[in-house]
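The values are calculated or read from the model by the stated rules, or taken from the named source; none is laboratory data. Computed from a predicted structure; not experimentally measured. Cβ sites come from the backbone with ideal geometry, for glycine too, and all protein chains shown count toward neighbours. Heads up: the accessible areas ignore ligands, DNA and RNA and are worked out on the full protein's heavy atoms, side chains in. Shrake-Rupley method; radii C 1.70, N 1.55, O 1.52, S 1.80 Å.
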Amino acid sequence: MDKNEELIKVANRRYATKKFNPDKKISDKDWQTIMEVARLSPSSMGFAPWKFLLIENDDLKKELYDHAWGAQNSLDGADKFVIILAKKNVTPTSKYVQHISEDVQNHSFDPNSAFVAKLQDFQDNDFKLNDERTLFEWSARQTYIPLANMMDAAATLDIDSCPIEGFNREQVENILNKYNAIDLNEWGVSVMAGFGYRDQDITPKKRQPMDEIYKVIK
Ligand SMILES: Cc1cc2nc3c(=O)[nH]c(=O)nc-3n(C[C@H](O)[C@H](O)[C@H](O)COP(=O)(O)O)c2cc1C
């Protein structure tokens, strides 16, 4: 099988698993690989405005159950249950941007730099990220990139997954806060995912034909 065929095979093999086998566990090596793929994911400006919570606390999982209807299949049997947080208020002069610039990207941070001015202009004028909500959504959008990469990596390793938006954000945030798992001044819940091994057949893809979704503009 050539690389093109392999990629299509993995894309078909990944599916949103509705029934996991609770007895099958992901090896440490596989899980570390999936998390490393998440860590290496790209993000706008390289800010990586995310955090991954691996939920292993059974009481917390039980509390989530009634507030995360789309997660119940995963909570019932997925070996790993992950909640991805998105960073709030990623603004040019925030401590977070300063930390990423200095400690991760090894740039000296200067609030009067051309970079800060450019980012401010991008947020204010290009993308209109000008309030808490739009800034949070910008970060949350970035988190879907590692989410997708993790699911594809899992499928490559023959591991099943399910992405999850079926939850009440505020209630889930309050539960995480109760367990001291989140600082709500800094972070919000973006999306969740279960990873494990299926207890059902892989369902064939139902997708729009290519000519409905792909157009070449000349
Ligand atoms: C962002 C996102 C959120 C989703 N939320 C849920 C969910 O809460 N519960 C669930 O069972 N499936 C969820 N799904 C799975 C989709 O329903 C599924 O991916 C889609 O129907 C296509 O099927 P496939 O993934 O099996 O190819 C979600 C998918 C995405 C990408």
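Can you pull out every residue in the stretch 126-145 that is out of contact with any Pro (no Cβ under 9 Å at 6 or more places or on another chain) and either part of a helix (DSSP H, G or I) or over 18 Å from PRO92 (Cβ atoms) (or both)?
Within the stretch 126-145, ASP126, GLU132, ARG133, THR134, LEU135, PHE136, GLU137, ARG141 qualify.
Residues are listed down the side, and each one gets a yes or a no for (1) open to solvent by 20 Å² or more (accessible area, probe 1.4 Å); (2) more than 12 Å from the ligand (Cβ to nearest atom):
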| position | (1), (2) |
| --- | --- |
| LEU147 | no, no |
| ASP152 | yes, no |
| ASP158 | yes, yes |
| PRO163 | yes, no |
| ASN168 | yes, no |
| LEU184 | yes, yes |
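Given the criteria modelled with pLDDT of 95 or more, loosely packed, with under 15 Cβ neighbours inside 10 Å and within 16 Å of the ligand (Cβ to nearest atom), does ILE202 qualify?
Spelling it out, ILE202 is indeed modelled with pLDDT of 95 or more, loosely packed, with under 15 Cβ neighbours inside 10 Å and within 16 Å of the ligand (Cβ to nearest atom).
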